[in-house]
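The values are calculated or read from the model by the stated rules, or taken from the named source; none is laboratory data. This is a predicted model, so every value here is computed, not measured. A quick note on method: Cβ atoms are made from the backbone with ideal geometry, for glycine too, and the neighbour counts reach across all protein chains shown. Ligands, DNA and RNA are stripped out before the accessible areas are found, and what is left, the full protein with its side chains, is counted by its heavy atoms. Shrake-Rupley method; radii C 1.70, N 1.55, O 1.52, S 1.80 Å.
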Amino acid sequence: MCGIVGYTGRRQALDVLLKGLYTLEYRGYDSAGVAVQTPQGLRVVKTQGRMKTLDEKVHALGGLEGSCGIGHTRWATHGAPSDVNAHPHVSADGRFALVHNGIIENYLELREELQRDGFVFQSETDTETVVHLFQKLYCGDMVKTLTQVVARLRGGFALGVISSEKPGELVCVRRDNPLIVGFGEGENMIASDIPAILPVTRRYVVPGDEEIVHVTPQGVEFYSLSGERLTHTPQTVDWDVSSAEKGGYDHFMLKEIFEQPRAVRDTVSSRIRGGLPALEEYGLSDEMLRGVRNIHIVACGSALHAGLVGKAAIEKLARIPVLAQVASEFRYSDPIIGEGDLCIVISQSGETADTLAALREAKKRGARTLAICNVVSSSAAREADSVLYTWAGPEIAVATTKAYSAQLAALYLIAVRAALARGTMDEQTARRYCDDISSLPDKIETLLKTREQMSELARLYSDREDTFFLGRGVDYAAAQEASLKLKEISYVHSEAYAGGELKHGTISLIEEGTLVAALACDPALYEKIISNIKSVKARGASVVLVTNGNYEADGEMCDHVVHLPQCLPELSASLSIIPLQLFAYYIGVYRGCDIDKPRNLAKSVTVE
Ligand code: G6P
């Protein structure tokens with residue numbers, strides 16, 4: 001949700017800012033802008049549209065000379081995407097430029113106050129209030145001024161500010177929003193995410209909430225709101241810049257689909273010891289798992305879909321009641337959760353605003369909290385009682401694939417360990433589950449070979465405007481993720497339905513040529529789902545069956561079959577999703593969609 005970047009040092013700031021912004025574009029891409037301290041004062045170039053448009057615009061103007069600046073790529077919340085609403089925003093007197101990620105909840109009252117003071121607003125954004133407020137409160141010291149500003153703001157945000165009067169100085173702050181500070185040699189940076197700093201440095205610090213950070217080429221200082229100097233030891237990024245590049249693939253999404261065997265292997269391998277899940281160091285001791293009353297899984301989007309698969313596995317294997325809930329609903333539902341309960345939040349980014357709020361709510365009510373997330377040191381990782389990282393590596397495409405697969409693997413390990421701890425599974429069976437979990441990467445590898453088949457199916461069906469995904473049990477959970485993938489990147493209307501529920505209304509939408517993708521991966525439910533499939537086929541649907549069963553396309557039950565390798569039924573969502581991710585990808589390609597940056601979406605949703 002908006003990417004911010006800032007640089008001060010010995011290079012031309014513009015180059016570093018643009019490079020950084022390209023890597024942050026996944027966070028929002030409806031407009032972009034930069035501000036640089038030039039010999040002629042602060043200069044700002046901003047535009048509606050993608051980074052490429054900004055790049056062309058700023059170079060058409062002859063570039064911007066200077067070694068300190070800030071940049072922004074936007075996902076609009078307050079005010080439509082437009083040149084004037086794009087960041088950086090500049091104070092009325094032109095002395096300050098500011099970039100912002102998040103929402104200033106009290107911006108209307110601040111705006112009225114500033115208007116009464118005579119400030120004239122150019123944009124409809126909440127951000128512009130902050131830069132005028134900065135001018136109003138300016139005391140000659142950037143750190144002290146930002147401290148005063150923060151005290152007046154409600155909501156969550158990350159802010160970066162430069163001034164024409166303070167060459168080489170950059171100040172920033174975060175509250176419940178991501179922001180890192182990169183430590184270079186004679187140059188330093190700020191950014192919303194790690195890939196943006198990698199051309200300059202691998203060393204970074206995540207400042208604490210409401211710490212005011214003062215950045216110059218010579219060093220970085222951290223202050224509490226009460227003015228106390230704080231220290232942090234930088235961490236080192238241990239993955240390579242190439243992990244955040246396309247590496248020969250047409251899109252990040254395709255690259256990330258193909259990285260799934262590694263993502264799952266890395267997530268699982270160090271957590272299976274002696275053939276059994278070893279999760280004690282993640283706060284999941286047998287004693288704790290034995291005593292757990294209820295598990296609440298809280299997440300958004302695909303992470304919630306992973307949670308639904310996790311719910312099915314944990315309930316079936318460990319017999320613990322699990323509620324899987326949408327984070328934005330959970331947080332305002334006066335949830336029945338407390339001591340003795342475990343709240344598992346799942347989030348690729350670890351920064352999703354609703355998921356974080358749900359985590360805090362669960363903590364406040366006395367539940368134990370576990371975060372399953374992919375971004376190291378993200379807010380969820382820091383705030384939860386314990387964290388189980390998915391080692392999927394940086395995920396750039398907005399539509400998640402490898403992080404989702406890694407989340408599933410992490411949840412299976414929890415299900416098996418909990419089952420062992422509670423005595424609902426014996427050790428021998430647990431070993432069999434672990435073997436099967438460990439073999440998922442090879443099976444996923446095999447399934448990546450369905451690429452051509454899925455591309456061909458996508459070519460045949462790319463003109464369909466409605467698609468239904470059917471499944472029962474775990475297949476229904478997987479169907480929900482498959483459906484979301486398709487609508488996210490191809491804009492095709494799709495719905496996931498529990499096979500048995502279809503006849504209660506939705507079947508009225510099935511007509512000649514409606515596309516139905518049906519999942520049949522649990523032998524215990526084959527016959528049931530096959531009857532559901534037959535009933536849509538009889539009404540003219542074109543049916544693609546994804547199954548580990550021994551079925552063939554006969555034109556009567558289904559038109560196409562995608563065969564999956566065998567695995568234990570609770571784990572099958574890890575396999576059935578692979579061809580369906582490829583299917584969604586190719587439908588998007590055939591329809592000419594912007595695969596990695598679908599319209600209206602952003603990868604990290606840091607607003608409610
Ligand atoms: C956004 C993305 C989804 C993602 C969801 C949750 O809506 O477009 O793909 O599943 O956020 O993100 P998280 O980082 O919490 O997993």
Give me the tail of P(r) for the range 277-370 as a percent: Cα-Cα pairs with distance above 22 Å. 21 percent
Angle check, please: helix 427-438 long axis (alpha carbons) against the longest principal axis of the chain (alpha carbons), in degrees 0 to 90, nearest 10. 60 degrees
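Counting pairs of alpha carbon atoms under 8 Å apart in space and at least six apart in sequence, what relative contact order in percent does the chain give? Write out the running numbers ahead of the final one.
Working: 1438 pairs, mean separation 71.8, N = 608.
Contact order relative to length: 12 percent.
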15 Å beta-carbon shell around residue 110, net charge (K/R +1, D/E -1): -3
Under the Karplus relation with 6.51, -1.76 and 1.60 and θ = phi - 60°, whole-Hz ³J(HN,Hα) for the range 69-85, x at Gly and Pro, equal x, 10, x, 8, 10, 10, 10, 4, 10, 9, x, 5, x, 7, 4, 6, 7
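Restricting to DSSP loop positions (anything but H, G, I, E, B) with no more than 14 other Cβ atoms inside 10 Å of their own Cβ, which trypsin sites (Lys or Arg not before Pro) remain in the range 81-189?
Sites meeting the loop and neighbour criteria: 154.
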Accessible area of the chain with a 1.4 Å probe: how many percent of it is carbon plus sulfur? 48 percent
Kirkwood-Stokes translational diffusion coefficient of the range 449-590, alpha-carbon pairs, 37 °C, 0.692 mPa s, µm²/s: 226 µm²/s
Estimated inter-spin distance, residue 446 and residue 290, nm [label 7 Å along Cα→Cβ]: 3.9 nm
How many angstrom lie between the Cα centre of the range 298-359 and the Cα centre of the range 73-125? 35 Å
In nanometres, what is the gap between the two model label sites at residue 249 and residue 435, each 7 Å from Cα along Cα-to-Cβ? 3.1 nm
With Cα atoms, 0 to 90° folded angle of helix 260-269 axis to the chain main axis: 90 degrees
For residue 518, which sequence-distant residues (separation of 5 or more, or a different chain) have an amide H within less than 5 Å of its own amide H, given hydrogens modelled in the peptide plane? 470, 544, 545, 546
Once every DSSP H run of n ≥ 4 in the chain is given -39500 (n - 2.57) and the sum is divided by its residues, what mean residue ellipticity at 222 nm do you get, rounded to the nearest 500 deg cm²/dmol? -11000 deg cm²/dmol
Between the range 151-185 and the range 435-490, the alpha-carbon center distance in angstrom: 42 Å
Determine Rg/Rh for the chain; Rg is computed over alpha-carbon atoms and Rh is the Kirkwood hydrodynamic estimate from the same atoms. 1.00
Distance in nm between pseudo-label sites at residue 600 and residue 551 (7 Å out along the Cβ direction from Cα): 3.2 nm
Can you list residues from other chains, or at least 5 along the same chain, whose modelled amide H is less than 5 Å from the amide H of residue 296? 323, 342, 343, 344
When the C-alpha atoms of the range 3-241 are aligned to their principal axes, what extent does each axis show, in angstrom, from largest down? 49, 45, 32
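Evaluate the charge dipole of the chain about its Cα centre and quote only its size in Debye, nearest 20, assuming +1 on the Cβ of each Lys and Arg and -1 on the Cβ of each Asp and Glu.
Numbers: 63 positive and 78 negative charges, 77 e Å.
Taking the Cα centre of the chain as origin, the dipole is about 380 debye.
I'd like to check one number: the per residue accessible area of the chain, probe 1.4 Å, reported in Å² as a whole number.
On the way: 22140 Å² over 608 residues.
Here the per-residue accessible area is 36 Å².
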What length, rounded to one decimal in nm, is gained on full extension from residue 608 through to residue 152, with 0.36 nm per residue of separation minus their alpha-carbon distance? 162.1 nm
Bin all alpha-carbon pair distances of the range 252-425 at 5 Å intervals from 0 and give each bin's fraction as a whole percent. 2, 10, 19, 24, 22, 14, 7, 2, 0
Length released on extending from residue 315 to residue 273, taking residue separation times 0.36 nm less the Cα-Cα span: 12.8 nm
Longest principal axis of the chain (C-alpha) makes with the long axis of helix 142-152 (C-alpha) an angle, in degrees to the nearest 10, of 60 degrees
With a cut-off of at most 15 other beta carbons within 10 Å, and DSSP calling the residue loop, which GluC sites (Glu not before Pro) in the range 395-471 qualify? Please list them. 465
Which ³J(HN,Hα) values in Hz, rounded to whole numbers, follow from the phi angles of the range 584-596 under the Karplus curve 6.51 cos²θ - 1.76 cosθ + 1.60, where θ = phi - 60° and Gly and Pro get x? 4, 4, 6, 4, x, 5, 5, 8, x, 7, 7, 4, 7
